[in-house]
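Presented below is the structure to which this report refers.
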Amino acid sequence: MDSPFLVTTPRPGSALLIRDLLHRVRAWAPQQTVTYRNLLTLTYAEVLDRIDRLGGWLRDLGVVPGDRIGVMDWDSHRYLELYFAVPMSGAALHTVNVRLTPEQIAWTIRHAGDSVLFVHPDFLPLLAACREHLGSVRRIIVMPDGGAPVPAGFKADAEYETGLAAARPIGAWPSFSEDAVATLFYTTGTTGDPKGVYFSHRQIVLHTLGAGLALAVQDDPFAFRASDVYLPLTPMFHVHAWGLPYLATMLGMKQVYPGKYEPALLLELLERHAITFSHCVPTILQMLLHHPASGTVDWHRLKLVIGGAALPPGLARHAQERGIRILGGYGMSETCPIIAVAHVKPEDADADAETRFGIVTRTGFPVPLVEAVALDPLGRRLPPGRNNVGELALRAPWLTAGYLGNEEGTERLWRDGWLHTGDIAYIDTEGYIRITDRLKDVIKIGGEWISSLELEAALGRHPGVREVAVVGVPDAKWDERPHAEVVLRDEARGTVTARDLQHHLHACIEDGSIHKRAILTGIALVGALPKTSVGKIDKKGLRERLAVENAPKGNDRRPN
Ligand code: AMP
C-alpha cells in the first residue's frame, strides 16, 4: 500500500469524473425542469433516469471505454443526456459540427473513428450522401422529435426513444482514469483539414467548477444564480456550448433547449420561459435584436455573456439600451473554452454606469486557475500596458492537450509550454486581457500593422452601420490595404453611402481614434456578410472571395 506521503495509485473515488457532476442535482432539484422547444418538458428526475438508461443501452450496444460516439443534433434535451451518458460510459463524445460540408463531416467522423452515431433526422440526407465514407461507424441511431417515425428511405439501426424505453438502467458506471478523453470536436482552421481538439473528464470537471466560480461568485448584476433560467445560444456541437450545460445541470437550474436556431422561436422561448441567462457570439445577438419580433421580449431580465469574437461597440451599446446586461467573455475551441470574463472588480462597483460599461465590454479578466500572458516574437513575457502588444499565450488545467493525430499542429500550438492562441493582445494595467486582433486578420500596410478590429469598431460607430468586416487585400504599393464590407441598418439604406462612411473614417483619423493609413480603406455596401459554421463573421471566406474577384482576368491561376 502507498504511504500517504507518496501516493502512486489514485485513491478509489478520488478521480474527477463527469458522473460526479450529477450527484447534487439528484437530491437538490429532482422536480426542476429541462424543456425542449415547445415540444417537451422533463424533470431532472426523468433526465437522470434517461441518462442511466442510455448508459445501459450503450453497454448493450457494446460500447466500451475508449470508443468514440458521434452526435449530430440541434440543441436538445437528448444532446444533454448524451453529454453525460457517453463520457460516463468511458467513451468520448464527438460533437459533430453539422454546419461543415458533407465531405468535411464524413472526414471528421472517420478521423474520430466514431463507432455509433446519434442523428437527428434533419441530417440523414447528408449522411445518406456520404454513408460509404463513414469509416468505422457500426450503428446509426435516429432521434426524431417526440419519437416520430424515421423518415422513409433511410434504414436506421434504432430509434432513440424506443431504445431508451427498452433499455435497463446501467446500475454501476465503469471506472476509468480522470485523464480519459470525455469530449472531442473539430475546428476549421484557415488551411488544411479540420483539427480535432479533445478534453478529459478532469478538464471538463475543472472547467465546470472554474467557470461556475467565475460566473457565480461575483456580487454583481451578471452573476449566474441557481434561480436563473438558462437557455444556450451557442450550439452544443461547438465547445460544449461553452461548457455551461454541464454547470447548469450540476446546479439543478431550470433549462430550456431551443433545437434548431429559428429566430422567431428563440424570441418566443426567451419570453415564454422568462430566460435570465444565456451566451452567444455577437452575430446571434445582432440577429435577435434586429428581428421584427424583438420588441415582444422583455430584455431587462436577461444576463448575456458575449464572446467568441470581438464585441462591436455599437452592438454593445444597442444591447445595453434595450436593457440587456451584457458581459464580455473570451475563449477558443482549444481552451474548453472559458478563459476570461469581463467582470467589474469590487472597487469599481460604485463607478458610474459609463465606466462600468467600459469594463464589461473588455475582452475579459482571466478566470480562476488561468494564467494569461502576452509574449513578444522571441517568446518573452511582456509587462502589462497597452504598448506591450504580443501574442496571447495561456496555461490552465483545461486547455486541449493537442490536435488529435496532428503532431506538427500540436507542437506549434504548445510551443515553449504555452498554448499559443494566435490572438494579438496586451494585458492592461488592471489585469484584463485586451485582444487587439487575430494574427491572421491584422493588416500590414507599408510595414505597419493595423488592427482590423480597430477599423471595424470605428466604422461601427457610424449610426447607419449594422455590421462590418474589415480584411486586408493585396496592394502593389502598400503590400496590403484595408477593405471594409458594410451592412447598413434598414433605416439607413438608400440614404447612407460609402462616401459618407469614408467621411466618417476621415473624422476618426482626425480625432486620433484610428491610424492615419485607414485613409486607404475601400468600402463596399453589401446585403449580408458571410458567416462561419458557428455563426461568426467569416473573414477567411471574405478574403477568398475578394481574391477571386480581384484575380487578373484571362488568367487560369486560382488562389490557394
Ligand atoms: P473558436 O475557436 O472558433 O471559438 O474561435 C476562437 C477565436 O475567437 C479566438 O482565438 C479569438 O480570435 C476570437 N475571440 C473569442 N472571444 C473573443 C473576444 N472576446 N474578443 C475578440 N476575439 C475573440
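How high is the FRET efficiency between residue 294 and residue 549 when r is their beta carbon distance and R₀ equals 45 Å, given to the nearest 0.05?
Numbers: r = 34 Å, r/R0 = 0.76.
Working from the Cβ atoms, E equals 0.85.
Only Lys, Arg, Asp and Glu count, each charged at its Cβ (+1, +1, -1, -1), so figure out the dipole size of the stretch 441-554 about its Cα centre, rounded to 20 debye. Don't skip to the answer; put the middle values down first.
Details: 17 positive and 17 negative charges, 50 e Å.
Dipole magnitude for the stretch 441-554 comes out near 240 debye.
Just name one of 513, 484, 527: the one whose Cα is farthest towards the positive end of the charge dipole of the stretch 437-537 (beta-carbon charges, Lys/Arg +1, Asp/Glu -1).
527
Which shape class applies to the stretch 260-347: rounded if a/c is under 1.5, otherwise prolate when a/b exceeds b/c and oblate if not, where a ≥ b ≥ c are the square roots of the Cα gyration tensor eigenvalues? Intermediate results must be reported in sequence, preceding the final value.
Values: a/c = 1.77, a/b = 1.45, b/c = 1.22.
Here the stretch 260-347 falls in the prolate category.
Which Cα, out of 330, 251, 111, lies furthest along the positive dipole direction of the chain (beta carbon charges, K/R +1, D/E -1)?
111
What does the charge count near residue 445 come to, summing +1 for each Lys or Arg and -1 for each Asp or Glu among other residues with Cβ under 14 Å from its Cβ? Mind showing how you got there, number by number?
Numbers: positive: 444, 477, 481, 516, 517; negative: 437, 441, 448, 454, 475, 479, 480.
Summing Lys/Arg as +1 and Asp/Glu as -1 gives -2.
Where does the stretch 18-427 land on the Kirkwood hydrodynamic radius, alpha-carbon pairs, in angstrom? Mind showing how you got there, number by number?
Numbers: mean 1/r = 0.0455 Å⁻¹.
Every distinct Cα pair counted, the radius reaches 22.0 Å.
Per-residue counts of other Cβ atoms within 10 Å, averaged by peptide: what ranking do you get for 54-60, 348-354, highest first?
Values: 54-60: 21.0, 348-354: 10.6.
In descending order of packing, they fall as 54-60, 348-354.
So what J values fall out for the stretch 478-484 if you push phi through Karplus, 6.51 cos²θ - 1.76 cosθ + 1.60 with θ = phi - 60°, rounded to Hz, Gly and Pro as x?
9, 6, 9, 9, x, 10, 10
What is the gain in length, in nm to one decimal, between residue 503 and residue 378 on full extension, counting 0.36 nm per residue of separation less the C-alpha to C-alpha distance? Mind showing how you got there, number by number?
Working: separation 125, 0.36 × 125 = 45.00 nm, distance 3.99 nm.
Stretched out fully, the residue 503 to residue 378 stretch lengthens by 41.0 nm.
Compute the FRET efficiency between residue 353 and residue 155 as 1/(1 + (r/R0)^6), taking r as their Cβ-Cβ distance and R0 = 51 Å, and round to the nearest 0.05. Kindly include the intermediate steps, with their values, before the conclusion.
Values: r = 60 Å, r/R0 = 1.18.
It comes out at approximately 0.25.
FRET efficiency for residue 3 and residue 395, Cβ-Cβ distance as r, R0 = 45 Å, nearest 0.05? Display every interim value, and only then the final one.
Values: r = 30 Å, r/R0 = 0.68.
It comes to 0.90.
How large is ³J(HN,Hα) for each residue in the stretch 371-379, as worked out from phi by the Karplus curve 6.51 cos²θ - 1.76 cosθ + 1.60 (θ = phi - 60°), to whole Hz, x for Gly and Pro?
10, 10, 9, 9, 10, 7, x, 8, x
Treat each spin label as a single point 7 Å out from the Cα along the C-beta direction, and report the residue 386 to residue 226 distance in nm.
For residue 386 paired with residue 226, the spin-label model returns 4.3 nm.
Give me the number: length gained by fully extending residue 528 to residue 138, i.e. 0.36 nm times residue separation minus the C-alpha to C-alpha distance, one decimal in nm. Each step should come with its number before you reach the end.
Values: separation 390, 0.36 × 390 = 140.40 nm, distance 4.12 nm.
Contour length minus Cα-Cα distance gives 136.3 nm.
Listed highest first by mean packing, meaning other Cβ atoms within 10 Å per residue, what order do 83-90, 132-139 come in? The partial results should precede the final answer.
Details: 83-90: 25.9, 132-139: 14.2.
With the highest mean Cβ count within 10 Å placed first, the list reads 83-90, 132-139.
Calculate, for the chain, the solvent-accessible area per residue in square angstrom, rolling a 1.4 angstrom probe over the heavy atoms of the protein chains.
Details: 23940 Å² over 560 residues.
On a per-residue basis, the chain sits at 43 Å².
Give me the percent of accessible area attributable to carbon and sulfur for the stretch 441-554, probe 1.4 angstrom. Let's see the in-between values first.
Numbers: 3000 of 5610 Å².
That fraction is 54 percent.
Mind pulling the angle between the C-alpha long axis of helix 539-550 and the longest principal axis of the chain? Nearest 10 degrees, somewhere in 0 to 90.
For 539-550 against the chain, the angle is about 50 degrees.
Once you have a ≥ b ≥ c as the square roots of the Cα gyration tensor eigenvalues for the stretch 437-541, tell me rounded if a/c is under 1.5, and otherwise prolate or oblate according to whether a/b is larger than b/c. Kindly include the intermediate steps, with their values, before the conclusion.
Values: a/c = 1.81, a/b = 1.15, b/c = 1.57.
Taking the square roots of the gyration eigenvalues as a ≥ b ≥ c, the stretch 437-541 is oblate.
Distance between Cα centroids, the stretch 58-114 to the stretch 247-269: provide it in whole Å.
Each part's Cα centre sits 21 Å from the other's.
The values are calculated or read from the model by the stated rules, or taken from the named source; none is laboratory data. Quick caveat, the model's predicted, so the values are computed rather than measured. Please note: Cβ atoms are built from the backbone with ideal geometry, for glycine as well, and neighbour counts cover all protein chains shown. Note: accessible area is taken over every heavy atom of the protein model, side chains too, but ligands, DNA and RNA are not part of it. Shrake-Rupley method; radii C 1.70, N 1.55, O 1.52, S 1.80 Å.
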